[in-house]
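Throughout, read-outs are computed from the coordinates displayed, never taken from laboratory work. Remember, predicted model here, so these are calculated numbers, not experimental data. Here the Cβ is made from the backbone with ideal geometry for all residues, glycine too, and neighbour counts use every protein chain on show.
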Amino acid sequence: MSALKEKLYEKIQEHRPRTTRLLKEFGDKVIGEVTVSQAIGGMRGVKSLVTDISYLDPMEGIRYRGYTLPEVFEKLPKPAGAEMPYVEGLWYLLLTGDIPNEKEIEATLVDMTNRRTIPRYVWDVIDAFPSESHPMAILSAAVMTLQRESRFNIEYQRGISKMDYWDSTYEDATNLMSKMPLIGAYIYNKLYNPGAGHRYPDSSLDLGGNFAYMMGKDKPYDDVARMYFIIHADHESGNVSAHTGHLVASALSDVYYATSAMINGLAGPLHGLANQEVLRWLQGLNEQMGGKVPSTEDMKKYVWETLNNGQVIPGYGHAVLRKTDPRYAIQRDFCLKYLPNDPLFGLVSKLYEVVPDILREHGKAKNPWPNVDAQSGVVQWFYGIEEYDFYTVLFSIGRAVGVLSNLVWDRALGYSLERPKSLTTAMIEDMVGAKK
Ligand code: CMX
């Protein structure tokens with residue numbers, strides 16, 4: 001058993017009695033209520049999920065295992081000469097709740113590097129896609145193709161105990177996490193860089209470094225990849241991608257089914273696809289301007305036009321957050337350091353000056369501040385990834401770190417099949433006295 005798996009097992013043993021006690025002794029205690037607008041309006045804020053991997057405070061932003069993002073970036077170990085931490089370190093932290101020491105990170109790197117082999121049939125499936133396909137559809141299918149490798153599925157057929165589900169789920173999750181960046185890079189080269197051929201992974205490089213290498217990108221893109229994967233890893237369990245993964249796996253579908261489904265949820269423009277929408281929308285502005293740099297007034301006019309057309313301003317607003325997303329701030333700091341004079345960064349900064357006031361005046365969005373997606377395209381574009389359809393694939397690789405850690409814990413704690421109750425409209429009308 002690897003050192004990480006051993007530690008995880010200890011943590012699971014420690015944690016299980018807490019969940020069992022809550023269910024047995026306090027199962028009937030009320031921790032929230034549901035209003036009509038929550039039932040009709042996407043269950044916003046309904047307290048009905050449990051995770052210890054991350055917690056999202058509306059004012060502070062995300063904490064991973066109790067650490068704020070700046071703390072995560074400060075405390076996790078980093079490769080020699082790098083500014084950003086190992087993604088493998090985050091994997092360790094999310095699974096165990098502990099910051100890995102030097103020995104622990106070394107062992108995790110070796111273990112994950114050894115799991116990078118991808119069966120030929122996965123490349124064949126990717127190659128068979130038409131080159132006009134959206135990269136998210138290809139990624140989802142490629143992950144689905146790997147389902148054939150599921151250890152959980154084999155163990156389940158053999159009839160293992162529920163107490164052991166976490167073990168093969170951990171194996172599947174670690175395998176998939178180690179392979180996903182390779183799949184992402186392959187999809188990129190197939191669609192946008194066909195002359196590059198297939199690069200084989202470099203086992204001397206960590207997940208972020210190897211991803212940059214396979215994408216054919218020089219430093220500091222390795223740090224960009226690490227930063228990007230880390231900030232996108234988790235945002236509690238209730239967002240569409242994390243929740244979809246959890247829901248699908250609650251039927252004991254293995255991590256391949258669950259991750260493919262979470263990718264499909266992330267592909268929506270109100271969720272992960274917003275990062276590409278920001279650039280598409282800004283390009284629309286540039287076209288309108290005919291090459292002239294938009295003034296603040298031009299920008300305001302364009303924002304209002306978008307709102308008056310009944311569209312949303314991509315990259316702004318959030319279902320939970322009520323201030324500027326710290327993931328936006330971290331990327332902004334990176335831009336200020338590495339690309340302060342980039343014209344696209346200038347445009348995004350100018351947006352930050354005008355959009356919050358306009359959204360407040362517009363009066364609908366509960367949160368007028370930018371979310372992670374407002375900034376992330378700028379960084380990728382600067383480093384030559386101008387094919388913005390690809391940005392959500394990057395988001396997916398990052399999000400997999402959190403979703404897969406959660407799935408391991410879901411099985412460790414025996415979380416149940418999800419089955420909320422639905423009512424008819426007439427029933428609700430009766431309940432609230434809306435019927436004449
Ligand atoms: N521009 C215009 N209107 C907005 C808005 C925005 N950026 N954000 C919210 N609104 C509107 C909503 O569409 C809603 O309008 P209706 O009452 O007509 O339906 C109203 O304000 C209230 O919405 P809310 O409670 O503030 O926000 P929701 O929880 O319903 O939705 C989100 C959250 C993110 C989908 C929404 O803010 C949005 O559409 N933002 C733009 C897309 C985006 O950036 N998505 C990425 C989010 C981060 C991520 O998951 O990756």
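Can you tell me which lysines have their Cα less than 22 Å from the Cα of Lys350? Leave out same-chain residues fewer than eight positions away.
Lys292, Lys300, Lys301, Lys323, Lys337, Lys364, Lys366
Rank the residues Tyr328, Tyr338 as a footprinting-exposure proxy: fewest other Cβ atoms within 10 Å of their Cβ go first.
Ascending Cβ contact count within 10 Å gives the list Tyr338, Tyr328.
Ranked highest first by the average count of other Cβ atoms within 10 Å around their residues, in what order do 234-243, 50-59, 210-219 fall?
234-243, 210-219, 50-59
Sequence gap at least 6, Cα distance under 8 Å: using those rules, report the relative contact order of the chain to the nearest whole percent.
22 percent
Cut-off 10 angstrom, C-alpha nodes, Gaussian network model of the chain. Which of Arg399, Arg322, Arg226 fluctuates the most?
In the Gaussian network model the winner is Arg322.
May I ask you to derive the FRET efficiency for Lys29 and Asp202 from their Cβ-Cβ distance with R0 = 45 Å, giving the value to the nearest 0.05?
Using R0 = 45 Å, I get an efficiency of 0.30.
Test of understanding: in a Gaussian network model of the chain with alpha carbons linked when under 10 Å, which of Ala233, Ala251, Ala400 would top the mean-square fluctuation ranking?
Ala251
What's the exposure ranking of Glu88, Glu429, Glu102, going from fewest to most Cβ atoms within 10 Å?
Placing the least packed residue first, the sequence is Glu102, Glu429, Glu88.
Please pull out the direction-averaged projected area of segment 308-357, using the convex hull of its alpha-carbon atoms, in nm² to one decimal place.
Dividing the Cα hull surface by four gives the mean projection, 4.3 nm².
Based on the Cα gyration tensor of the chain, what are the three equivalent ellipsoid semi-axes, each the root of five times an eigenvalue, rounded to whole Å and given largest first?
Gyration-tensor ellipsoid for the chain: 33, 30, 21 Å.
Which FRET efficiency value, to the nearest 0.05, is calculated for Asn341 and Glu429 with the Förster distance at 60 angstrom and r the Cβ-Cβ distance?
0.55
May I ask which residue of Met177, Ala434, Trp91 lies farthest towards the positive end of the charge dipole of the chain, with charges of +1 (Lys, Arg) and -1 (Asp, Glu) on Cβ and the Cα centre as origin?
It is Ala434.
Below 8 Å, C-alpha to C-alpha, sequence gap of six or more: please give me the relative contact order for segment 73-124 in percent.
27 percent
I want to verify a result. In a Gaussian network model of the chain, Cα cutoff 10 Å, which of these has the top mean-square fluctuation: Ile187, Ile105, Ile358?
Residue with maximal mean-square fluctuation among Ile187, Ile105, Ile358: Ile358.
Mind sorting Glu149, Glu74 by how few other Cβ atoms lie within 10 Å of their own Cβ, fewest first?
Going from sparsest to densest Cβ surroundings: Glu74, Glu149.
May I ask you to derive the relative contact order of segment 274-382, considering only C-alpha pairs under 8 Å and at least 6 residues apart, and to give it as an integer percent?
Contact order relative to length: 42 percent.
If you place +1 on the Cβ of every Lys and Arg, -1 on the Cβ of every Asp and Glu, and leave all else neutral, what size is the dipole of segment 274-382 about its Cα centre, to the nearest 20 Debye?
Charge dipole of segment 274-382: 280 debye, to the nearest 20.
Could I get the Rg over Rh figure for segment 274-382? Both from C-alpha atoms, Rh via Kirkwood, rounded to two places.
In segment 274-382, Rg relative to Rh is 0.94.
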